[in-house]
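Below: one structure, written as structure tokens.
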Amino acid sequence: MPRVNRTNADSPQPPQQRVKPVQARSRLKIDAILDATADLLQHHGVDAATILAIAAKAGVPPATVYHYFENRLAIFAALAKRIMDVVDADLLTVLAEKLDEPEPDFRTILQGLFNAYSQAPGYVPVLTAMRAEPALQALVRESNQRSAAFIAGLLLHRTQLTPQRAQRIAWMISESCETVLEEALTSAPEEAVALLDEQSVMVEVLFRHYAQV
């Protein structure tokens, strides 16, 4: 299937880990650092998640944090990636189950995404940092590309669209859902419900339209 690549090669990339874990002990240290960061973000906010505070919470020296991460933005990026990878894997499982349903329930899918992200410790505060730091948006693009690839498959399974059109439409749906989801996560509860309802109606209408093309 041809891929529509919407990634700008000149766009900033997220800060990277300095050291990739190989041994189990290293992975445990990184998990402890990310868990500590999530806890600080969840209960005290972005400003409280300093390198010194993260190190103290994780029970490691600050030098250990710097061994693995260049700065706290790199830690935020790693935490966001860990959450996105888990949520995306669950999303793809749900979408796979919807392939043969007469009409996929996008309201349930979007609500599930909202619940997963809103309940992930530290994600909403990290989202604030992601909006303020353009480089971290590369993570969102990667997540959207995974979702778009599966939505394109869903369109091809249910419609007569060409692969190129299915890819283009899937990208547009994925991007719009991500924008609405981000807004819902940082909105009052009643506004979040309204946003998810409107977005699910729009996506369902689109699917019905293209099924008749």
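Read the figures in this text as sums done on the coordinates, not as results from a lab. Since the structure is predicted, the reported quantities are computational estimates derived from the model, not experimental observations. All Cβ positions, glycine included, derive from the backbone under ideal geometry; neighbour counts span all protein chains shown.
Given a Förster distance of 35 Å, report the FRET efficiency between Arg141 and His44 from their Cβ-Cβ distance, rounded to the nearest 0.05.
0.75
Under 15 Å from the Cβ of Ala53, count the other residues' Cβ atoms, weight Lys and Arg +1, Asp and Glu -1, and hand me the total.
Here the charged neighbours net out to -1.
Please list, in chain and number order, the residues 5+ apart from Phe69 or on another chain whose amide H is under 5 Å from its amide H, with Hs placed from the backbone.
Residues meeting the amide H criterion: Arg18.
Can you tell me which of Ala24, Ala149, Ala48 moves the most in a GNM of the chain? Springs connect C-alpha atoms under 10 Å apart.
Of Ala24, Ala149, Ala48, the most mobile in the Gaussian network model is Ala24.
Using just the helices of the chain, give the 222 nm mean residue ellipticity in deg cm²/dmol: DSSP H runs with n ≥ 4 each add -39,500 (n - 2.57), and the total is spread over all residues, rounded to 500.
After summing the helix terms and dividing by the residues of the chain, the value is -24500 deg cm²/dmol.
If you stretched the chain out fully between Arg25 and Ser176, how much longer would it get, using 0.36 nm times the residue separation minus the C-alpha to C-alpha distance?
On the way: separation 151, 0.36 × 151 = 54.36 nm, distance 4.01 nm.
Fully extending the segment from Arg25 to Ser176 adds 50.3 nm.
Could you point to the residue in His67, Leu40, Leu155 farthest towards the positive end of the chain's charge dipole, with +1 and -1 charges on the Cβ of Lys/Arg and Asp/Glu respectively?
Working it through, the farthest residue towards the positive pole turns out to be His67.
Given 0.36 nm per residue, what is the gain on full extension from Thr93 to Glu70 after removing their alpha carbon distance, in nm?
Here the segment from Thr93 to Glu70 would lengthen by 4.9 nm.
Which value, in debye to the nearest 20, describes the size of the charge dipole of the range 16-70 about its Cα centre when Lys and Arg Cβ atoms bear +1, Asp and Glu Cβ atoms bear -1, and nothing else is charged?
300
Just the Cα atoms of the chain: what Rg and Dmax do they give in Å?
Radius of gyration, then largest Cα-Cα span, for the chain: 18.9, 61 Å.
Among the complete DSSP H segments of the chain, which ones combine at least 24 Å of alpha-carbon extent along their axis with a mean Kyte-Doolittle hydropathy of 0.5 or more?
What comes out of the filter, once short or polar helices are dropped, is 72-97.
Which one of Ala77, Ala116, Gln167 is farthest out on the positive end of the charge dipole of the chain, using unit charges on Cβ (Lys, Arg +1; Asp, Glu -1) and the Cα centre as origin?
Positive-end residue among those listed: Ala77.
Assuming 0.36 nm per residue, please report the length gained on full extension of the stretch Thr108 to Ala56 beyond their Cα-Cα distance.
Gain on stretching Thr108 to Ala56: 14.7 nm.
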